[in-house]
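Right, one structure below, let's go through it.
The values are calculated or read from the model by the stated rules, or taken from the named source; none is laboratory data. Here the structure is a predicted model, which is why all the values come from computation and not from measurement. Counting neighbours? That spans all protein chains shown, and the Cβs are built from the backbone with ideal geometry, glycine included.
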Amino acid sequence: MHAVGFFEGKRTWQYIPGVLLLAVSCLAQTDPGPRAGAPGAGGPFPTLNANEQAFFTSAKAVFQEVDSVTGSLPGEAGVGLGPTFNGNSCAQCHAQPATGGTSPAPFSPQVPVPNPQVALATLHGATNTVPSFITANGPVREARFIAVDPTSLNSPLDGGVHGLYTIKGRVDAPGCTLAQPNFNFQLANANVTFRIPTPTFGLGLVENTSDATLQANLAANANQKAALGIAGRLNTAGNDGTVTRFGWKAQNKSLVVFAGEAYNVEQGVSNEVFQNERSAVAGCVFNATPEDHTNIGAGGATTPSDIVNFAAFVRLSAPPTPVTSTGSQLNGQSLFNTIGCALCHTPSLTTAASPFTGMGNVTYHPYSDFAIHHMGADLVDGVNQGAAGPDEFRTAPLWGLGQRLFFLHDGRTTNLLTAILAHADDGGQCTTVQSAESFVDDSNGSIYQPISQSQFCGSESGGVIANFRALSSSQKQDILNFLRSL
């Protein structure tokens, strides 16, 4: 079994899809559960003009489009599904509590449907087997392999998404024989890590927040953060050094890149940002690439590609609306700040000037600093993305949490209290990252030997979780009630 020994110690919890069993005593406070009633998100930003609202509506329709392999199946006009895929529509996975959200489930008060990935396995004659970590009551998931060879301690890391399914056997993929990955083997060797869909509501505000604003916010309250062991850093783009902010590790720069990567990885559709077909084996490629592209019509008139529409739908969407009002919720909001949660889950940020009506210089409330932080061995996933290392994750925005069903990057729990306590990393295992290079530039005779090493033990959230545990049961309940009001 691959031990992943340089960053992960012996696990102290038993993992079952959808459940985290921790050695904690029975607690008096309880998660109120997902909030019922109408979705608190899903519509356009309220100040958009008529043309912008119309664009939002048409872009949403593209976001809801269902893809097949060649676009020839009734009701599935989208082109390019596969050869490997996790879903056949953006809206299939981003569904709770409304289109653009996160994973649905049968117990949702708004979208009570089973995990759509179960039925997808054999849709249109496909011959896939549903992996054990995909269940009707569990979250929509993608699977990543940690190491290339899970039987070798010194194996190179993998980190990439391995599609759950292939188009083998589908009526619109004649002749394709591509097999599924051997998930049973990878699971047996503890080599699989999961991600669930992130909500997309209000992300146009995040995209239009300046780097300087994010940098100043991260630098604020330095003494308080240091006292609690909080550091954090912003992930950045390799070419221009600017701040990246989308995805579980803040690895994507823009909403177009975010959409393009998801379209390619989750649905297998090549596009103008990710041009190449994944798993393009002989007999399984049916379309010219990129499959999604700018459409050129008569006289050179153009219509935007799918990924431009996806990004537009997300960019012009309104943020979730909180319902914080009761005495308990308001006290929880105050305690959230007092114990240090707000030092990473920043309550308010302000956008820069915007080309879209009313979206410039807006103060919004994401409850995130969009920085990456060490979260320790309890949450480590072994994946490196941009500057983010194996145990680093972007501070998850908390807006809309009141109607979310699954928590943490892998959807391991439906219980908000369990998710909070998982931030502590009580085991205190260390993550060490080393890098060394040596090369000579013959044009000038220069020798370069850069070496770097970093180590972090435990979780940056440890001090804050200690403060949370020190609260009375009623105070903890107030925080839970506040979070479910967002």
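Is it true that some residue in the stretch 241-249 is out of contact with any helix residue (DSSP H, G or I) (no Cβ under 7 Å at 6 or more places or on another chain), assigned to a loop (DSSP other than H, G, I, E, B) and free of Cβ contacts under 8 Å to residues at least 12 places away in the same chain? Scanning the stretch 241-249, I find at least one residue that is out of contact with any helix residue (DSSP H, G or I) (no Cβ under 7 Å at 6 or more places or on another chain), assigned to a loop (DSSP other than H, G, I, E, B) and free of Cβ contacts under 8 Å to residues at least 12 places away in the same chain, so the answer is yes. The listed residues are 419, 377, 396, and the only one of them that is closer than 21 Å to residue 199 by Cβ and either part of a helix (DSSP H, G or I) or modelled with pLDDT under 95 (or both) turns out to be 419.
Of the helices (runs of 4 or more DSSP H) entirely within the stretch 172-220, none holds at least 1 residues that are among the hydrophobic types (A, V, I, L, M, F, W, C) and at pLDDT below 95. Applying the set (1) exposed (fewer than 13 other Cβ atoms within 10 Å of the Cβ); (2) modelled with pLDDT of 95 or more; (3) over 23 Å from residue 196 (Cβ atoms) to residue 23 leaves exactly one unmet item: (2). Looking at 317, 334, 279, 325, just one residue is among the small types (Gly, Ala, Ser), touching a strand residue (DSSP E or B) at 6+ places or on another chain (Cβ under 7 Å) and either surrounded by fewer than 19 Cβ atoms within 10 Å (Cβ to Cβ) or at pLDDT below 95 (or both), and that residue is 279. Filtered by the rule that a residue be surrounded by fewer than 21 Cβ atoms within 10 Å (Cβ to Cβ), in contact (Cβ under 8 Å) with a residue 24 or more places away in the chain and either closer than 30 Å to residue 40 by Cα or small (Gly, Ala, Ser) (or both), the stretch 437-461 gives a lone residue, 454.
For residue 311, indicate whether it is of a type in the set (Gly, Ala, Ser), closer than 30 Å to residue 165 by Cα, in a helix (DSSP H, G or I) and touching a residue at least 24 places away in the same chain (Cβ under 8 Å). Here the answer is yes, as residue 311 does meet what is asked. Of all residues in the stretch 64-79, those being within 23 Å of the chain's Cα centre (by Cα) and either small (Gly, Ala, Ser) or crowded, with 23+ Cβ neighbours inside 10 Å (or both) number 1.
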